[in-house]
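See structure below.
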Amino acid sequence: MACDRAFIDRAKGCLYGQAVGDSLGCRYEFKSADEVKETIVADRDANGFLPIKGGGVFEFECGQVTDDTEMAMAIVRSVLRNGRYDDADVACSFAHWCFTNPPDIGNTTATALHLSKGADLEGMELTDLKSENWFEKISEKQKAAAWKVIMKNAESNCKESLSNGCLMRISPIAIAAASTDMKRLLDVAARNCRLTNPNDITVDGVQCYVAALKTLLDTANTELAYSAAVECAKTPTIQSILQVAREKPIPVALNNHPPTNGDRGAIGYIGVALQGAFFELLHAESFEHGLIRTIERGGDTDTNGCISGALLGAKFGADNIPLQWKDMIVSAKPGRHQEYPEVVLSELESIVEKMIT
C-alpha cells in the first residue's frame, strides 16, 4: 500500500494540508467570520487567488506555521529518529519544543508540558532537554521519567480541557500508520492525546479523526472515511458532532451553554474544529474550496485550517493542492526556524516517503 503512487500522493497531501491550512489560517486568527471574509476579499490577488500572507496577532512571516504544525513535526521527527512511535520520546520532544518559547502555545498544552527543576526526572538536567540535540544527552530512564511527569501534569490540571490542541498535531500518526492496524493506531492516538488532554471526549474525537484519516489514505473513499469515524465514536458528544457534520459545519452544540459558531465564543473547543473538518471532508469541491471555507468561519483559523487541511489533503492529494501554497511553506525561512529547526519543511515530500516506507 505504501508504495502505491496514489497512496503516497494522499499521504503527502495530508501533511501539506496540515501545514498549508495552518499557515494560511494564522493571518485571520481570533477574527469574527465577517471580519475574516472582509479581509480575504482584500487579500485576494488580481486573479482571485488567496495567497499565504502571514501576519495576524502573532505577526507570523509568510509561509511560517504555528504551534499546530510545530507539534506535528515534533511527532514526525521522533518517529523518524526511532523508527516507530515512542511515547517517552514524543513526550520529551514536546517538552523540548515548549522550551523553545513558541509564540502561540495554548494554555492547556503549556500546563501539561511544563517541567520544573523540582520534578523527579532521574537526574536529568533541564539544560540538556533545552539543547538542540537533547535526544543524545538524555537516557531512556530520564525520558520515561519526564513522560511520567507530563502525564501527571495533564491528569492533575488538564483533565477537563476540551481544547483542540490534541487534535491539531495528530495527523502524522495516521500517516505513519501505513502498515499499522487500526486498533494499534487508535491506541497510539489516545496515548498522544492524553499527554495534554486526558478527557474521554477529546480522546474520542482524536481517535475518530485518525480513523478517518487512515481510512482515507488507504481507500481514497470519503464515505468510508466518514463511516470509520462514526463507527469509532464512543461518547454522545462526539457521536452528535459527527452526525451534525454531515449537514452543517456550524453551529456547534455545547454542554450547558448555547451553541457556538466558533468565531466569538468557545473558539478553541475541539468540537468546532471536528465538526467543520468533517463537513468539509464530505462537501468540499476542492482542497482550496474547503480550506478557505473553513477559515472564513473565523475564530481559531490556523488550528481549524490545519485540522480541515489534513483531511482535505488526504482526500484530494498533494497534486491537487495549489502549487503556490505548497511552494510557500517549503521555501519559507522565518526566524523561528533558528529556534526550532525541527519544523523546517523544505524536505516535506521526502519526509513523508520515509515515514511510510
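A few comments on the model shown:
- Leading residue at positive end of dipole, region 183-279 (Cβ point charges), from VAL188, ALA229, HIS257: VAL188
- Using the Karplus relation 6.51 cos²θ - 1.76 cosθ + 1.60 with θ = phi - 60°, the per-residue 3J(HN,Hα) values for region 344-357 come to 4, 10, 4, 10, 3, 5, 5, 4, 4, 4, 5, 5, 9, 10 Hz, with x marking Gly and Pro.
- Among the GluC sites (Glu not before Pro) found in region 207-273, those both in a DSSP coil and sparsely packed, with 11 or fewer other Cβ atoms within 10 Å of their Cβ, are GLU247.
- The GluC sites (Glu not before Pro) found in region 136-166 that occupy coil by DSSP, while having at most 13 further C-beta atoms within 10 Å, are GLU160.
- Taking 0.36 nm per residue of separation and subtracting the current Cα-Cα distance, fully stretching the chain between GLU160 and GLN324 would add 55.0 nm.
- Helix axis angle, 200-219 relative to the chain longest principal axis, alpha carbon, degrees: 70 degrees
- Sum of -39500 (n - 2.57) over DSSP H runs of 4+, divided by residues of the chain (222 nm, nearest 500): -18500 deg cm²/dmol
- Taking 17 Å as the cut-off, the amide N atoms of region 146-177 that come nearer than this to a point 7 Å along the Cα-to-beta-carbon line of ASP120 belong to 146-156.
- Separation of alpha-carbon centers, region 166-232 and region 75-109, rounded to whole Å: 18 Å
- Separation in nanometres of the label points that stand 7 Å from Cα toward Cβ, at PHE58 and GLN243: 3.6 nm
- Anisotropy class of region 159-246 from Cα gyration tensor, a/c 1.5 cut: oblate
- Residue separation of SER286 and SER227 scaled by 0.36 nm, minus their Cα-Cα distance, works out to 19.2 nm of gained length.
- Under DSSP loop assignment and at most 14 Cβ neighbours within 10 Å, longest trypsin sites (Lys or Arg not before Pro)-free interval of the chain: 265-357
- Cα gyration tensor shape of the chain, rounded if a/c is under 1.5, else prolate or oblate by comparing a/b with b/c: rounded
- Amide H to amide H, with H built 1.01 Å from N, PHE60 comes under 5 Å of GLY55, counting only residues 5 or more places away or on other chains.
A short reminder: the numbers here are calculations on the coordinates, not readings from a lab. Computed from a predicted structure; not experimentally measured. Please note: Cβ atoms are built from the backbone with ideal geometry, for glycine as well, and neighbour counts cover all protein chains shown.
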